[in-house]
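Report on one structure; see the data block that follows.
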């Protein structure tokens with residue numbers, strides 16, 4: 001027994017000293033640490049940015065640490081709430097829908113980048129998402145500018161061309177769905193029954209959101225919300241629209257040709273292109289709008305931005321890095337668009353060759369230039385702190401919406417009550 | 001009790017004759033149908049995981065349920081995207097050391113709770129069981145602050161320590177100890193063994209299969225642990241298998257083929273340990289001491 005404990009003590013000692021040595025080496029190097037969630041997307045773009053910055057700053061090193069997205073948020077939240085800043089990264093990626101939650105819940109935790117970097121270089125709606133009292137906190141990364149990806153062959157069979165899809169309302173889409181279903185037997189698009197995210201781009205296209213500028217619920221008496229709920233209900237009830245359950249089911253529907261189109265963020269491009277058998281049979285049109293005064297055929301779904309932590313050991317270096325590459329290297333934006341399909345928010349990048357190129361997968365359409373145009377038209381809104389909670393409240397009403405017997409005003413009232421319970 | 005019931009059933013069967021036979025057949029057919037359904041529900045995810053690993057991401061998305069030819073490509077992509085050696089070593093250290101430490105601490109506690117009598121024993125035990133109902137999310141922040149004060153953030157110890165005194169396991173060992181004959185302990189005492197010697201040389205060998213079952217459960221718990229390692233581990237060189245498998249899923253364009261390979265990879269160690277200890281595991285759950 002005493003022999004064993006001696007051995008134990010020795011191995012424990014080795015373990016402890018090797019761990020502390022690791023800690024020492026990482027503290028000595030001039031390393032900027034980044035937390036993000038997709039090694040092939042945002043992680044890869046950061047590696048590319050680091051390689052470019054290194055060319056002029058040989059001492060610079062960047063470590064990308066990947067966590068699953070929701071896990072990363074939970075991790076960041078736990079650590080900020082505990083007040084322990086050890087081991088936090090210099091730069092962290094946060095999804096736009098969660099931006100206000102972090103900025104308002106942990107004042108002082110994030111560096112106001114607007115004081116260091118000229119924010120007029122970026123798409124204004126992206127800057128607005130991460131601003132508090134007029135101060136911008138993020139370096140805008142990928143835009144979630146929304147497009148309507150459609151199968152040219154199936155729609156042509158039903159008698160529709162690209163022009164028929166441009167500048168139309170959701171009511172017209174529902175009529176179109178009936179025709180497509182009758183003539184081809186294919187449903188026009190898929191709508192999720194597991195998560196109510198279809199209403200988000202509808203609302204933002206109408207310049208509205210679940211919450212007003214002060215963050216209070218903006219549901220009852222908001223025509224954009226009523227119209228979104230109404231449209232979502234019609235989509236759920238239409239037999240010409242597929243109902244999907246889960247992400248795999250949703251993407252599988254359009255990849256397999258079960259449905260003829262998908263309305264989604266520009267980041268869906270890579271997934272659409274993953275089935276190369278359908279090359280040349282896809283096109284992208286602007287998103288449908290709600291039939292309301294002021295609604296436009298441009299919106300946003302998802303997207304994320306980079307934030308620098310105030311406690312970051314390499315704060316100044318991190319800001320300089322972000323400003324130099326992410327805030328000025330137009331060639332970099334061409335590279336990440338081609339390699340990762342990352343659609344950045346730097347306005348000047350739109351003039352570059354990759355953004356102007358046409359894509360044979362989409363029948364030679366200048367898809368990136370189109371997305372750029374739509375991006376400049378997206379109305380800015382305040383996502384507030386509780387967007388996910390509002391989604392959940394809508395989700396709870398899916399049975400009523402599918403049933404269709406309850407009047408929309410009543411459903412809006414129900415959702416409002418539930419949001420108030422969750423938020424207050 | 002059991003004997004008299006079975007005699008009663010047998011005489012009832014004699015009296016009703018063929019009728020009862022027919023009923024029994026229907027009953028067993030029904031039971032088999034139900035078991036077949038349950039087996040299908042348990043086995044289908046495994047089947048899907050293995051079939052999926054041989055297909056491309058697009059094929060999985062479109063619901064292809066037959067074997068394809070992509071297995072080697074998926075494995076190559078998995079090895080390319082993931083530092084398999086690093087994460088396996090990390091997970092094995094955490095699960096291995098965690099299992100040994102958990103078994104040591106919880107079996108000692110379970111033994112003590114059952115063997116030694118004291119005024120507050122039941123109250124303390126009840127309080128501990130009550131603590132089982134506190135969700136881990138509520139403990140996360142204070143635990144994180146604690147680990148930071150100890151200077152243990154981003155270390156194996158930080159992952160292992162909070163789960164070492166696993167209350168469920170203490171409960172399990174206490175229940176198992178109820179079957180441990182006190183005569184054995186008395187005899188050992190008369191032979192002059194000290195308490196720790198009784199534990200090490202009498203209790204441990206007798207309860208071997210209880211330990212085996214506990215080892216599988218504890219290993220699985222440590223190997224699959226996700227939330228706490230996520231919170232407390234910070235750098236790439238400390239990542240565990242479950243953390244990395246989760247990141248593959250959160251990609252914008254997930255490669256389902258690679259995800260399936262990673263799922264098989266993450267399941268393997270638990271499966272191997274289960275098959276190695278299977279006989280003891282079943283014995284352990286039925287009760288170590290006959």
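Listing for the model above:
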| read-out | value |
| --- | --- |
| Within 10 Å of each Cβ in A:272-282, the average number of Cβ atoms from other chains | 2 |
| Relative exposure of B:22, A:368, judged by other C-beta atoms within 10 Å (fewest first) | B:22, A:368 |
| Cα centroid separation, the stretch B:234-285 to the stretch B:104-161 (Å) | 26 Å |
| Per-residue Cβ neighbour rank within 10 angstrom, fewest leading, A:167, A:96 | A:167, A:96 |
| Full-stretch length increase - residue A:277, residue A:417 - with 0.36 nm per residue and alpha-carbon distance subtracted | 45.6 nm |
| Packing-based order for A:343-356, B:270-283, using average beta carbon neighbours within 10 Å, highest first | A:343-356, B:270-283 |
| Beta bridges by DSSP in the protein assembly as shown, antiparallel share as percent, to the nearest 5 | 65 percent |
| Segment residue B:133-residue B:21, length gained on full extension (0.36 nm per residue, minus Cα span) | 35.6 nm |
| Partner chain coverage, peptide A:307-315 - average Cβ within 10 angstrom | 0 |
| Efficiency of FRET between residue B:184 and residue A:245 - r from beta-carbon atoms, R0 56 angstrom, step 0.05 | 0.50 |
| Estimated translational D of the protein assembly as shown in µm²/s (Stokes, Kirkwood radius over Cα pairs; 37 °C; 0.692 mPa s) | 112 µm²/s |
| Nearest-0.05 FRET efficiency for residue B:200 and residue B:270, computed from C-beta distance (R0 35 Å) | 0.80 |
| Label-point separation, residue A:51 to residue B:42 (7 Å along Cα→Cβ), nm | 4.9 nm |
| Chain A - mean residue ellipticity at 222 nm from DSSP helices (-39,500 (n - 2.57) per run, n ≥ 4, rounded to 500) | -14000 deg cm²/dmol |
| Sorted peptide list for B:39-48, B:179-188, A:237-246, A:64-73, criterion being average Cβ within 10 angstrom, highest first | A:64-73, A:237-246, B:179-188, B:39-48 |
| Pairwise FRET efficiency - residue B:29 versus residue A:61, Cβ, R0 = 51 Å, nearest 0.05 | 0.15 |
| Helix A:2-28 axis, angle to chain A major axis (alpha carbon atoms, nearest 10°) | 70 degrees |
| Folded to 0 to 90 degrees: helix A:223-237 orientation relative to chain A principal axis, Cα | 70 degrees |
| Degrees separating the helix A:330-340 axis from the principal Cα axis of chain A, which is the longest one | 70 degrees |
| Residue exposure sequence - B:30, B:204, A:141, A:102 - by fewest surrounding Cβ within 10 Å | B:30, B:204, A:102, A:141 |
| Inter-chain Cβ neighbour average for residues A:246-256, partner chain, 10 Å | 4 |
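Rule-based calculations on the coordinates, nothing more; no lab input. In this text, all values refer to a predicted model and were calculated from it rather than measured experimentally. When we count neighbours, we look across all protein chains shown, and the Cβ atoms used for this are built from the backbone with ideal geometry, even at glycine.
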